[in-house]
1. Is there a residue in region 429-451 that is without any contact (Cβ under 8 Å) to a residue 40 or more places away in the chain, in contact with a helix residue (DSSP H, G or I) (Cβ under 8 Å, 6 or more places away or on another chain) and surrounded by fewer than 17 Cβ atoms within 10 Å (Cβ to Cβ)?
2. Which residues, taken from region 464-478, are at pLDDT 90 or above and either part of a loop (DSSP other than H, G, I, E, B) or open to solvent by 40 Å² or more (accessible area, probe 1.4 Å) (or both)?
3. Does region 272-296 hold any residues that are out of contact with any Asp or Glu (no Cβ under 6 Å at 6 or more places or on another chain) and among the aliphatic types (A, V, I, L, M), and which are they?
4. For residue 256, indicate whether it is more than 30 Å from residue 234 (Cα to Cα) and crowded, with 20+ Cβ neighbours inside 10 Å.
5. Return only the number of the condition from (1) more than 29 Å from the chain's Cα centre (by Cα); (2) buried (at least 20 other Cβ atoms within 10 Å of the Cβ); (3) not polar (S, T, N, Q) that residue 304 does not satisfy.
6. Within region 424-455, which residues are aliphatic (A, V, I, L, M) and either farther than 20 Å from residue 372 by Cα or part of a helix (DSSP H, G or I) (or both)?
7. Can we say residue 415 is within 60 Å of the chain's Cα centre (by Cα) and within 18 Å of residue 434 (Cβ to Cβ)?
8. Which one of these does residue 461 not meet: (1) within 59 Å of the chain's Cα centre (by Cα); (2) modelled with pLDDT of 90 or more?
Amino acid sequence: MQSRNGRPSRPGRTAGGAAVHAQPPDGELTSENPPQPAGSGDGGPAADEIQVVLPAGPGELPPDRPRPPEPPGLPPPIPDELPRRHADPSRPSVPSRLSRRPAGQPTRPGPPGEPGLPAPYVRPLPPELFRPLWWQEPPGPASPPRPSPEPGNPGPPPLSQRPPAEPSWGAVLVTTVRLWLRRRLSWTRRSRPGRARRLVLIVAGLVAAVLLAVAATVVLSGPGRPGAGPPGAAGKAVAAAAAARQRAAAWVAGQDSPDAIVACDPAMCAALEAHGVPAGRLLALTPARSDPLGSDLVVATTAVRGQFGARLAGVYAPVTLASFGSGTARIDVRVVAPDGAAAYWAALAADVRARASAGAQLLRNRSIHVSAAARSALADGEVDPRLLVALATLAHLHPLDIAGFSRPSPGASVGVPLRSADIAGAAPPGSRHPMSLHSLMVILQAQRSPYLPSSLEIVRITPGGAVLRIGYPVPSPLGLLRSGG
């Protein structure tokens with residue numbers, strides 16, 4: 001049997017079979033047994049006319065629903081134009097800016113068959129913008145005609161296309177002051193006629209005071225100011241500091257001991273390293289380092305003196321070995337006192353007494369001939385103890401002739417010993433041939449530290465004679481000689 005939607009009915013389905021329902025017991029009504037309307041059995045639709053749409057089974061498509069019948073007749077016609085909205089006099093109209101436009105204003109073209117839309121409103125520019133600026137001069141009426149440019153060379157642009165030239169700062173300042181005064185004076189004349197003159201006098205006085213202050217500043221800062229240095233004073237000070245640094249570096253590099261540790265600021269350390277002092281023997285003094293202890297010498301520049309202040313001479317390095325330069329460019333080479341300034345001064349005083357005693361013994365030695373200039377140095381204890389021991393050793397082997405001792409270093413403190421001497425071999429009794437200088441040099445080179453000289457050279461002091469110059473490094477050790485020994 002075929003259903004109304006064109007699909008064949010399922011097997012077992014008969015006409016009216018779907019209308020047969022089992023009555024539940026006790027006569028209760030359920031959703032599967034809805035109450036039958038009156039007359040359903042009498043005069044209602046027949047069982048063959050009832051269509052029951054069952055849900056689709058697995059793997060099947062749902063059944064098609066019946067299409068509702070179309071109304072009889074032709075479809076309604078489509079209008080050519082949409083209905084327009086007509087003004088309703090009962091509703092208030094909202095004014096717009098298009099409604100405020102004057103009549104006769106140009107409009108934009110609209111769609112075909114419709115009136116044009118009004119053009120958007122553009123506010124006109126003020127005519128002041130098209131006037132030339134106040135600092136631009138209008139072109140003269142009698143300007144000569146310009147030749148027409150060649151086709152290949154367009155030539156300079158006309159004056160109307162050139163960018164306007166900017167005024168100077170002076171012109172702008174004068175114009176600003178003039179406009180401000182004009183505005184203030186006009187207001188003052190209207191409110192208080194007698195106040196305008198006083199305002200002009202006050203402004204003139206202020207301008208004169210400013211000009212006088214500027215002139216005084218220029219005069220005082222010029223080269224003619226009393227007490228001011230010449231224009232190149234700063235350059236000369238820098239050059240003097242650099243020269244003192246180089247001299248101090250050369251002196252330390254030639255006079256210090258090969259194993260001495262030198263404390264210095266970074267700039268001085270760089271100069272010492274440039275003069276041959278190994279970087280391993282340099283101790284850089286920075287703001288993070290609180291003292292120069294651990295070194296043997298300290299090169300006191302302006303930076304080092306400013307860092308340690310009075311503690312440098314009063315605690316760490318009381319004795320100056322040499323000084324170079326003057327003023328802020330002065331550089332002092334000081335010896336470090338590991339046990340403090342007081343202990344170092346006491347040891348130095350005892351060493352001076354021991355040197356004077358040893359010098360007196362050398363003066364009584366018959367194998368040593370001393371000049372008049374060298375005699376006072378030995379008697380006063382000014383000779384280095386290492387040099388005294390070396391001279392006594394040489395005099396025990398061969399007679400000596402001491403020509404003199406070196407001069408003190410510039411700026412050295414009292415008690416700093418003389419570390420260099422000029423000697424020559426004297427002829428022994430009964431002989432006419434003195435000992436050669438090379439033989440003396442060989443003997444001194446065989447000594448051990450601290451009696452090994454740092455420099456040995458043969459120097460010709462007179463046209464007919466030469467001497468052997470002996471030198472010892474800094475710093476001089478204290479306590480080598482016993483008092484009275």
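The values are calculated or read from the model by the stated rules, or taken from the named source; none is laboratory data. Being a predicted model, the structure only gives us computed values, none of them experimental. Cβ sites come from the backbone with ideal geometry, for glycine too, and all protein chains shown count toward neighbours. The accessibility values were calculated without ligands, DNA or RNA, using every heavy atom of the protein model including side chains. Shrake-Rupley method; radii C 1.70, N 1.55, O 1.52, S 1.80 Å.
1. For region 429-451, residues without any contact (Cβ under 8 Å) to a residue 40 or more places away in the chain, in contact with a helix residue (DSSP H, G or I) (Cβ under 8 Å, 6 or more places away or on another chain) and surrounded by fewer than 17 Cβ atoms within 10 Å (Cβ to Cβ): absent.
2. 469, 472, 473, 475, 476, 477, 478
3. Taking region 272-296 first, the residues out of contact with any Asp or Glu (no Cβ under 6 Å at 6 or more places or on another chain) are 272-278, 280-284, 286-296.
Of everything in region 272-296, those that are out of contact with any Asp or Glu (no Cβ under 6 Å at 6 or more places or on another chain) and among the aliphatic types (A, V, I, L, M) turn out to be 272, 274, 277, 282, 283, 284, 288, 293.
4. Working: more than 30 Å from residue 234 (Cα to Cα): yes; crowded, with 20+ Cβ neighbours inside 10 Å: yes.
Taking the combined requirement at face value, the residue satisfies it.
5. (1)
6. Step one: of region 424-455, the residues aliphatic (A, V, I, L, M) are 424, 426-427, 435, 437, 440-444, 446, 452.
Residues satisfying the conditions are 435, 437, 440, 441, 442, 443, 444, 446, 452.
7. Values: within 60 Å of the chain's Cα centre (by Cα): yes; within 18 Å of residue 434 (Cβ to Cβ): no.
For residue 415, the condition - within 60 Å of the chain's Cα centre (by Cα) and within 18 Å of residue 434 (Cβ to Cβ) - is not met.
8. Status for residue 461: all satisfied but (2).
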